[in-house]
Every structure is written in structure tokens, then in C-alpha cells.
Amino acid sequence: MADKESRARLSAVVEYVLAEARKSGASAAEAGVNISQGLSLTVRLGEVETVEHTRDKGMGVTVYFGQRTASASTTDFSETALRETVRAACTIAKYTAEDDCAGLADPERLAKDIPDLDLYHPWNPGTERAIELARAAESAARGLDKRITNSEGGSLSTHEGLEVYGNTHGFLGAVAATRHSLSVSVIAQDDSGMQRDYWYTVARAAGGLESPEKVGLEAARRSLRRLGSQKLSTRDCPVLYEAPLASSLLSHLVSAVRGSSLYRQASFLLDSIGQPVFADFVRIHEQPHLKGAQGSAAFDSEGVATKPRDLIRNGILQGYVLDSYSARKLKMQTTGNAGGVHNLTIEPGQDNLEALIKRMHTGLLATELIGFGVNMVTGDYSRGAAGFWVENGEIQYPVEEITIAGNLKDMFRHVAAVGNDVDTRGNIRSGSILIESMTVAGS
């Protein structure tokens, strides 16, 4: 799919669409084309439940007539369909209002050199082999302990895609990428009731996936440890976010410093550049050029070159997360974040999770969050949770049906430690995060 012929074919589609936009009188235009294919299947209680083969393609074009803009898309790559799609966008643009911030990214910010970030590792295990792997993961989970009484299934997916983006500033860039994953979710049961949990592994290359046995055993272990969950009375105490949850705190930071939130005045971090937002030891930075990582990109969705940068240094906010439009709204420059952040990483500390639990001494280890009770305008935070109560640096018992609450401004400023148990499975990379004090509401 990512061979020279495919790249050349999609590049030709983009160039044709841009030329048609010019012919139709557009002062500028940009277009993106993508093709993808994949396999996704689920096995439950050893039996195949679903098998889905996917094959998709699409083209989207945005045209600019001065400050008027419009977009259209198609899945038909014939010249007739492409011309009609461009014509549709041009027709719509005549009826849109002028917007003095609309337009392509500035030419001088477009990527010139596009490094190979090692994102493309196609894998075609075949349906039978994929079923074997999903079945092995589920079997490992079900076989660990007789208290694993049911399963929500083992799932495997493979995906590969090629995208080409170009604009009338002369930029043309292609990205081929793959993503493969394996997951298991099981239910544990004893006299105290039922509990479910899951685990998954994800990688660009199949060789980077955890073994089916490891995934299954971890899913079972996580389910079993929740048996006998109790409720807590309401209290204020430290909260330790397990690494897979900790990235959600950083996603709230991104939402608060995203350009669209700022120019709409809908963020609790308005006018915060140069201000302390976190404890002074905290560094949060983008690493867009990590080889093979989930969030790596040489350029953003506007063709702007990405580069490593600090979002938070010594606890102080260094900049925002901007695309070209929001940057113009704020009278600033794009940060190369059209489409999102790239491997946003909070610098890990020295302690693993066990050491952080000892450091917390008494408090809540949160391992699951439920619902989305976050007000980005005020920073007020309230989410359902489950996890473990800790005393004297040791886990005492699992807890459920609780709510953890605070304000993100206070939570950020009172980050006490970051673990070295970094979860690298997503675009935001974080170890476990310890917050000095939050309200835990229970019975």
C-alpha cells in the first residue's frame, strides 16, 4: 500500500484536484487523499464473534476565494467525480461569509525535509492466525484463576494506511503508517460480586506487541484484584493516578491551551503563558520525531513542520497548541499542531508505581475513571472512579462507587511526583501522577 506506485497515484490525485481548484478561480486550495485497509476480529469464550475486513479511501478538498472558504469530499477518484467535488466546494464558497483568519498555513512554515519516522510495518497474519492470537490471549486470561467466570472477549486488529496532503503553496507530503493491537476483557466473580477489567497492547509493528499470554494474564490479574471492592466515606486525601489514567490529566491541559478554546474564551488557562501552571519540577514537552511512536509526525495536517518543544518548563507554561487559523485569531504563529499534539510527554521521575504508593503513604490509587465531569471554562473536575485504598504505603483493599473532585488549576499546581512507569501506548505519554490532595466523595 505504501509502495512508490501508490504514493505516485495518490499524489497525482492531489495535484489534479489542486489544478482544478485553480482553474475554477480559487485563490488557494488544499487537498488530502487517503487509502487504508485492515482486519478486526473478536473471539469470546473461544468462539469467533466478529470478523471485519475494511478497505477505505477518501479525498477532501478545501478551497479559498480570498477570505471565503468551503470544503467538499468524495470517495470516487475518477476525474469526473474529482472535478465535481472541486466544483461543489467552489460553489459553496460563494455563499460563505468572509473570515480574515482563513487560509493556508504560511509558506515559510511548511515542512521542507520529511524524515522517515519508521511508522509503516504492514502485518497480514491472515484470519486464521489472527483468531489463534485473540483466542490465546483470552484463554490465558480465563485459565489463570477459577474466579474468572466470563469474558467480554479477546480482540485483534491490524490497520495500514497511506495519506497524501498537498496545497497550492507547493507542499506535497505523504505519510504511510500502521497500527496493530491486541486486547482482552474478562469478568471475575466471587461471593462479593463481579468485577471486570481489561488490558491491551498496541504497536506500529507486530513484533512490538506484547505476547497474547502476557495480555491475557494482565487482564485477568487486573480483574481479580478488584474483587471485594468497598466504598469509602468522603474525605480529602492524596490521589495517585495510575499511568494509563494519568494521560487524561495531560489531555485536559491540551484542551485548555488549544487555540480554539482560547479565542473562544472557553479555558481556565486564558493568558497563562509565562505563568506557573504546574509544580516547578514539571516538564511537559512534545517529541514529534520519535521513531515508531504512536504520535510521531514530520508535519501536521496543514503541512507545517513539527519540531520538539516544551509546553511546560519548570512548571511554567511556554506556549499554546495552535493551528494556523487559531494562531491568526490570537495574533500568534502556528505551533504545528493542526490535528493535535505529537507524543506529548511529561518528564518521568525516579520512582516506579510501588515507590509512589509508598511515598503517598495514605490515599487513593485510582485505576479507573468513569464519566466526563470536567468544565474547561472553570477547571472544575469531578469524575467517577475506582481503585485501591492505601495506608502505610501498602494497598489495603479495592474501592468503587467513589467520585474524585477538585479544580484542574489546583491539581496541576499540586502534582507531587511523576512515575517512571511511562505508558507509551498513545499520543500522550505519562507515568503515574501523584496529586497532593483531592476530595474523594463516597458513602
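The values are calculated or read from the model by the stated rules, or taken from the named source; none is laboratory data. Please read these numbers as outputs of a predicted model, since none were measured by experiment. Positions of Cβ are generated from backbone atoms using ideal geometry, with glycine treated the same way; all protein chains shown enter the neighbour counts. Just so you know, the surface numbers come from the protein's heavy atoms only, side chains and all, with ligands and any DNA or RNA stripped out. Shrake-Rupley method; radii C 1.70, N 1.55, O 1.52, S 1.80 Å.
Which value, in Å² rounded to 10, gives the accessible area of residue 53 with a 1.4 Å probe and all protein chains present?
Approximately 130 Å² for this residue.
Give, in nm to one decimal, the length gained when the segment between residue 108 and residue 270 is fully stretched (0.36 nm per residue of separation minus the Cα-Cα distance).
Full extension of this stretch gives 55.5 nm more.
By DSSP, what percent of the beta bridges with both residues in the chain are antiparallel, rounded to the nearest 5?
95
Using only Cα positions of region 370-443, each an equal point scatterer, no hydration layer, compute I(q)/I(0) via Debye at q = 0.17, 0.19, 0.22 Å⁻¹ and quote the log10 values to two decimals.
So the normalised log intensities are -0.83, -1.04, -1.29.
Roughly how much of residue 381 is accessible, in Å² to the nearest 10, using a 1.4 Å probe?
Taking all protein chains as shown, residue 381 has close to 10 Å².
Using a ≥ b ≥ c from the Cα gyration tensor of region 198-284 (square roots of the eigenvalues), is it rounded, prolate or oblate, where a/c under 1.5 gives rounded and otherwise the larger of a/b and b/c decides, a/b for prolate?
Oblate, because a/c is 1.5 or more while a/b does not exceed b/c.
Sequence neighbours fewer than 8 away in the same chain don't count; with that in mind, list the lysines whose C-alpha is under 24 Å from residue 94.
23, 329
Most mobile of 339, 32, 228 per a Gaussian network model of the chain (Cα springs, under 10 Å)?
339
Just need the relative contact order of the chain here, percent rounded to a whole number, with Cα pairs under 8 Å and 6+ apart.
Dividing the mean separation by the residue count of the chain yields 15 percent.
Can you pull out the trypsin sites (Lys or Arg not before Pro) in region 148-237 whose DSSP state is coil and whose Cβ has at most 11 other Cβ atoms within 10 Å?
Sites meeting the loop and neighbour criteria: 231.
Using alpha carbon centroids, what distance separates region 347-368 and region 7-72, in Å?
If you average the Cα positions of each part, the centres end up 44 Å apart.
Where the accessible area of the chain is counted over protein heavy atoms with a 1.4 Å probe, how much of it, in %, is carbon and sulfur?
Answer for the chain is 47 percent, counting heavy atoms of protein chains only.
What is the calculated FRET efficiency for residue 49 to residue 118, with r their C-beta to C-beta distance and R₀ = 35 Å, to the nearest 0.05?
0.55
For the pair residue 78 and residue 22, how long in nm is the line joining their label points, each one 7 Å along Cα→Cβ?
In this crude label model, residue 78 to residue 22 measures out at 2.6 nm.
Could you order 438, 376, 332 by accessible surface area, starting with the largest, using a probe radius of 1.4 Å?
Most to least solvent-accessible, the answer reads 332, 376, 438.
For residue 146, give me every one of the lysines with a C-alpha distance below 26 angstrom, ignoring sequence neighbours fewer than eight places off in its own chain.
By straight Cα distance, residue 146 reaches 214, 231.
At a temperature of 4 °C and a viscosity of 1.567 mPa s, determine how fast the chain diffuses translationally according to Stokes-Einstein, using the Kirkwood radius over alpha-carbon pairs as Rh; express D in µm²/s, rounded to the nearest whole number.
This corresponds to a translational diffusion coefficient of 54 µm²/s.
Using alpha carbons only, how many angstrom separate the centre of region 159-206 from the centre of region 223-300?
Using only Cα atoms, the two centres lie 20 Å from each other.
Just the accessible area for residue 198, please: 1.4 Å probe, Å², rounded to the nearest 10?
In the full protein context, residue 198 sits at about 100 Å².
What do you reckon, how do 194, 411, 1 stack up by accessible area (1.4 Å probe), largest on top?
Sorted descending by solvent-accessible area, the residues read 194, 1, 411.
What aspartates and glutamates sit close enough to residue 307 to cross-link, taking a C-alpha to C-alpha distance under 13 Å and skipping anything fewer than 8 places away on the same chain?
Partners found: 113, 286.
Would you be so kind as to identify all helices of the chain, as entire DSSP H runs, whose Cα atoms reach 20 Å or more along the helix's own axis and whose mean Kyte-Doolittle hydropathy is at least 0.0?
79-93, 243-257
Whole Å is fine, so just give me how far the alpha carbon centre of region 394-443 lies from that of region 90-155.
Here the two parts' Cα centres lie 27 Å apart.
So which chymotrypsin sites (Phe, Trp or Tyr not before Pro) in region 80-132 are both in a DSSP loop and have at most 12 other Cβ atoms within 10 Å of their Cβ?
Answer in residue order: 95.
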